[in-house]
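Asks: My structure is below; once you've seen it, I'll send some questions.
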Amino acid sequence: MIRSPGVPHHPMRHELARRGTQAMREERGITLMIALFVMIIVMGFGLAAVGQAISANGVARRDTSSKTALQAADAGMQVALFRLNSLAQYLANPADTALYPCVNAQLQAGQVASLTVSVAVTGVAPNQWCVPGPWEPMGNGESYQIQMTPAINLYNTGVNLDRRIIVTGRVITPDARTVYRRIEQTVSSTTGSGGLFAVAGVVSDQDLNISGSVVVGSPALHDNVLSNQNVTISGAPSVCGNITYGPTATESGRSSCAGTTVTQETRLATLPTVSPPSNPQNSLICPGGCPQGVSYDATARVLSVGANSSLTLTPGNYIFCQVNLSGGGSLVISAVPATPTVIYIDTPSNCGGSSGISVLGHASIVTPPGLTDGGQVQIQAAGTSTIDIGGTALVATLSIVAPSSSVTVHGNVQLTGAILGRTVTLSGNPTIMPAAKLTGVGGGGASALFTRKAFGECPAGAGSPNPDSGC
């Protein structure tokens, strides 16, 4: 080995340098491994984040597609309702279910759709369905399909027409997935002479209670009673006619009458609505001052007749907040009306919180002798008014139409006509007989237009074998 002159030789120093170089080479290998490991971890987090983003995007797309399918179904429901209410040949014959059993795209094109099962002569069962219409496109991969029942004749009378409609919305996504949503709607229409009173003369939306010695109808002239909810009969009343109830019927006493049936009905009757009559004649009440025993507050619209006094009303329409007849007082309709005379009880909210009509003691409402049309004189009530008709002297031909009010008839009342209320209570000794005719009562002659009554969503899958399965 050659050494530079003057440079001392240090063997140990060279050895240390050699070892240091070798150690640095080993550390560089470890650093590379650590760097690779860190890169793998970072890449894993990145891939997880990308996967999460892709998954969230997929969920968002599915949610959007599901909502779009629901919107398509709702659009189809609107179309179905429009077709029901605008097809001229159907509206001209609303009760002719044999000729026009279904209104869908096929019928709109001039073809009468056939039923999936045969129609019984007595009416159409709720589980019978028209053939489904075709899938009707809306663009952007959206479409809907309509299927409905024929018009269901309420209680097989042809009076109320209900339809159940199932609409399926469908969306075909860009990646060829298919998303469905299904909705169900019940629509109702009231038509026919006498409206709901062609079915029954005593009708309640909630509970119907009959007790004491009440008489409804006679063996020769039946008068049906109907409740959407419960019917309770106690004491010894006589009901000659069909008794139709909703969830339950409870009887602890009833006089027998040939031909009377007690039947449960799961389809709800659609009660008519009432609205203020036109051209009220309240200004004709006591124009020159009321006689003794009669008072009328024109501002509060409160009429009271008592002390064996009477007040005569000319035929026409009257709007009150409160009518109180007592102490032998009487309200007299002077002549047979050419059109229905309506005594209208306004809503409690328009009357300072309460409204109603009460006939108590020996008071009465006097209708013209020989009147046979129970719709020519009507007591109508809006909102949750109180209708309390009692006393010992009331013998009248009239009808009570109070779909949101409680109606009580008691005492010795003799009424020829019809009664409809949210709840109806008959007690004591009243006699309720059907009138020969009911003009303009309970929706008679009403338009056959369908309105929404019930709505719900069904599972998204197909409804086979029944379109409404799972609804």
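Every read-out reported here was derived from the displayed coordinates using simple, explicitly stated rules and does not represent laboratory data. Please read these numbers as outputs of a predicted model, since none were measured by experiment. Cβ coordinates were reconstructed from backbone atoms using ideal geometry, including for glycine residues, and neighbour counts include every protein chain displayed.
Asks: Based solely on C-alpha atoms, express the radius of gyration and the Dmax of the stretch 172-315 in angstrom.
Replies: So, for the stretch 172-315, Rg and Dmax equal 24.2, 86 Å respectively.
Asks: Determine the shape class of the stretch 335-446: with a ≥ b ≥ c the square roots of the Cα gyration tensor eigenvalues, call it rounded for a/c under 1.5, and otherwise prolate if a/b is greater than b/c, oblate otherwise. Numbers along the way, then the final one.
Replies: On the way: a/c = 1.60, a/b = 1.13, b/c = 1.42.
Here the stretch 335-446 falls in the oblate category.
Asks: Further, regarding this structure: Rank these for me by crowding, VAL215, VAL50, going from fewest to most other beta carbons within 10 Å.
Replies: Numbers: VAL215 21, VAL50 10.
Starting with the residue having the fewest Cβ neighbours, the order is VAL50, VAL215.
Asks: In addition: Calculate the spin-label point distance for GLN292 paired with THR339, positioning each point 7 Å from the Cα along the beta-carbon direction, and give it in nanometres.
Replies: Label-label distance for THR339 and GLN292, simple model: 3.9 nm.
Asks: Let me know the shape class of the stretch 299-395, please: from the alpha-carbon gyration tensor, a ≥ b ≥ c as square roots of the eigenvalues, rounded when a/c is under 1.5, otherwise prolate if a/b is greater than b/c, or oblate. List each step's numbers first, then the result.
Replies: Details: a/c = 1.79, a/b = 1.21, b/c = 1.48.
Cα axes put the stretch 299-395 in the oblate bin.
Asks: Report the local net charge at GLN147: Lys and Arg +1, Asp and Glu -1, summed over other residues whose C-beta lies under 15 Å from its C-beta.
Replies: Working: positive: ARG83, ARG163, ARG164, ARG170, ARG181, ARG182; negative: GLU136, GLU184, ASP468.
Local net charge: +3.
Asks: With a ≥ b ≥ c the root eigenvalues of the C-alpha gyration tensor of the stretch 198-270, is it rounded (a/c under 1.5), prolate (a/b larger than b/c) or oblate? If you can, show how the numbers build up before the last one.
Replies: Details: a/c = 1.84, a/b = 1.29, b/c = 1.43.
Oblate, because a/c is 1.5 or more while a/b does not exceed b/c.
Asks: Taking 0.36 nm per residue of sequence separation and subtracting the Cα-Cα distance, how much length would be gained by fully extending the chain between PHE82 and THR261, in nm to one decimal? The partial results should precede the final answer.
Replies: Working: separation 179, 0.36 × 179 = 64.44 nm, distance 3.89 nm.
Roughly 60.6 nm would be gained on extension.
Asks: Rounded to the nearest 0.05, what FRET efficiency do ARG452 and ILE40 have when you use their Cβ-Cβ distance and R0 = 60 Å? Please list the in-between numbers first.
Replies: On the way: r = 61 Å, r/R0 = 1.02.
With R0 = 60 Å, the Cβ-Cβ based efficiency is 0.45.
Asks: Now for a separate question. Got a sec? How would ARG452, ARG182, ARG170 order by Cβ neighbour count within 10 Å, fewest to most? Mind showing how you got there, number by number?
Replies: On the way: ARG452 12, ARG182 27, ARG170 24.
In order of increasing Cβ crowding within 10 Å: ARG452, ARG170, ARG182.
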